[in-house]
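*Asks:* Below are the structure tokens for one structure; questions will follow.
No value in this document is a laboratory result; all are computed from the given coordinates. All values derive from a computational prediction rather than experimental measurement. We place every Cβ from the backbone using ideal geometry, glycine too, and count neighbours over all the protein chains shown.
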């Protein structure tokens, strides 16, 4: 099968010297990619420059992107040409649109007007004691996947921080339905430590709990293989 | 001599999953550290997890920090115990204090009130179409160096983007005076490319232009050695 995997975290530029970065080492995507390569599948890994990556392999193609816009541009044709997408990348929900000093914000007739403004320097000045950064929601790429290719198998990820298991599963199920995903891997940052990575593979009617990155990868390999054989 | 070098870029957390990151590969700090090691000096390199680093060396100590606060905490005792500080790290000028949806900002009696608020969740909600991030200026660590150790040699860095040479030199001279630095390495991001890194070593009365990272490192080594021998 042709497996498309995303990993790492995107960064959205504030100016030429600063970005908003979503943390992700890329380790989980690396382990998942290695599991599919070992099982003789072809893997395309869309990731970032700083993410951990598998060693070279004849069936592995690596494509590097930086921000949400470049991710979307790279993914659309790939989604159309692959059998399964495993979307483990941490994608920024928001991208910067304008940065101003607090006084400019206080003096604006309406803060909504500032959403239309743009900075024009390469490096935004650092004269003010307080700065205000306006951010705009980015398109949810996962919601476009089944529009691009209704036949693709889709495994999404949901990371929350410090919530109950019930809440985590409920949020994962909502994402499953909204994005027409086949599975959502739900995890809580507080349950990810050295040597441990608790996660729930959530489908419409059940969830399976695992405790390590290797187990997550093996479980995904298993359900993808079963689904495509069925 | 005991040489203290900083390199890489700091990150300031927005929440548990996102940060504002200052871009820096750490390559220049690495080259400078290697030049001093080769000339038999002792080097302490304060850097970040993701920065490029020299290979292990008996005279090299590496200390990793993440944000401005941890940098300041690490540097104070080191500045007191070293002969020279070469401060090439890209340190964030601002750190996040509060993030809110645009509607909350529009409805506030005064935007200044929002500077007192704090987010309490691990991952800030992504429900709003627009978010507003309030940032506070961080202490300029370079301005504290000569207070901590008046005898230390201090070489600062100033990076601007797309300015004239005159403006770059003027800003560097202002930093030189304000921070009681011995030299400022002034550079423009647009003059840094693969194989090229134009910079000006600015002192009170002159500036010397160089074109590569190796030349920057050699020039710093030369002026530090001359100054300490004088």
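*Asks:* Work out, step by step, the length gained on full extension between residue A:164 and residue A:209: first 0.36 nm times the residue separation, then minus their alpha carbon distance; give nm to one decimal.
*Replies:* 14.8 nm
*Asks:* Compactness ratio of region A:3-49: Cα Rg over 2.2 N^0.38 Å, N = residue count?
*Replies:* Cα-based Rg divided by the globular estimate yields 1.41.
*Asks:* Another question, if that's okay. Most fluctuating residue of A:28, A:219, A:154 in a GNM of chain A with Cα springs under 10 Å: which is it?
*Replies:* A:219
*Asks:* How compact is region B:2-100 by the rule of thumb for globular proteins, expressed as Cα Rg over 2.2 N^0.38 Å?
*Replies:* 1.12
*Asks:* Ok, one more. With just the Cα atoms defining each centre, how far is region B:194-212 from region B:48-63? Give it in Å.
*Replies:* Centre-to-centre (Cα) distance: 25 Å.
*Asks:* Here's a follow-up. What's the angle, to the nearest 10 degrees (0 to 90), between helix B:68-80's Cα axis and the longest principal axis of chain B?
*Replies:* Helix B:68-80 and the main axis of chain B meet at about 30 degrees.
*Asks:* Among B:44-57, A:80-93, how do they line up by average Cβ neighbours within 10 Å per residue, starting with the highest?
*Replies:* Ranked from most to least packed, the peptides come out as A:80-93, B:44-57.
*Asks:* Follow-up. In the protein assembly as shown, what percentage of the DSSP-assigned beta bridges are antiparallel, given to the nearest 5?
*Replies:* 50 percent
*Asks:* What base-10 log of the normalised intensity I(q)/I(0) is obtained for the protein assembly as shown from the Debye formula, alpha carbons as equal point scatterers, at q = 0.06, 0.10, 0.13 Å⁻¹?
*Replies:* For the protein assembly as shown at q = 0.06, 0.10, 0.13 Å⁻¹, log10 I(q)/I(0) is -0.31, -0.83, -1.21.
*Asks:* Shifting gears a bit: Which whole-number percent gives the relative contact order of chain B, counting Cα pairs below 8 Å spaced six or more residues apart?
*Replies:* After rounding, I find 19 percent.
*Asks:* Using DSSP, restrict attention to beta bridges with both residues in region A:29-188 and report what percent are antiparallel, rounded to the nearest 5.
*Replies:* Rounded to the nearest five, the antiparallel share is 35 percent.
*Asks:* Also, I was wondering about something else. Over region A:94-202, what is the percentage of antiparallel beta bridges among all DSSP beta bridges, to the nearest 5?
*Replies:* About 65 percent, rounded to the nearest 5.
*Asks:* Now, a different point. Compute the angle between helix B:165-178 and the longest alpha-carbon principal axis of chain B, please, reported from 0 to 90 degrees and rounded to the nearest 10.
*Replies:* Value to nearest ten degrees: 90.
*Asks:* What per residue convex hull volume, in Å³, comes out for region B:24-162 when only alpha-carbon positions are used?
*Replies:* 170 Å³
*Asks:* Would you calculate a helix-derived [θ] at 222 nm for chain B, using -39,500 (n - 2.57) for each DSSP H run of n ≥ 4 and dividing by the full residue count, to the nearest 500?
*Replies:* After summing the helix terms and dividing by the residues of chain B, the value is -9000 deg cm²/dmol.
*Asks:* Here's another thing I want to ask about it. Can you give the mean number of other chain Cβ atoms that lie within 10 Å of the Cβ atoms in peptide B:18-26?
*Replies:* 5
*Asks:* Largest first and to the nearest Å, give the Cα extent of region B:139-199 along each principal axis.
*Replies:* 36, 23, 20
*Asks:* So, one more: What is the helix-to-structure angle for B:213-229, meaning the angle in degrees between its Cα long axis and the longest Cα principal axis of chain B, kept from 0 to 90 and rounded to the nearest 10?
*Replies:* Approximately 60 degrees, to the nearest ten.
*Asks:* Beyond 12 Å, what percent of the Cα pairs of region A:94-137 remain?
*Replies:* The share of Cα pairs beyond 12 Å in region A:94-137 comes to 60 percent.
*Asks:* Using the beta-carbon distance between residue A:117 and residue A:13 and R0 = 22 Å, what value does 1/(1 + (r/R0)^6) give for FRET efficiency, to the nearest 0.05?
*Replies:* Efficiency at R0 = 22 Å is approximately 0.85.
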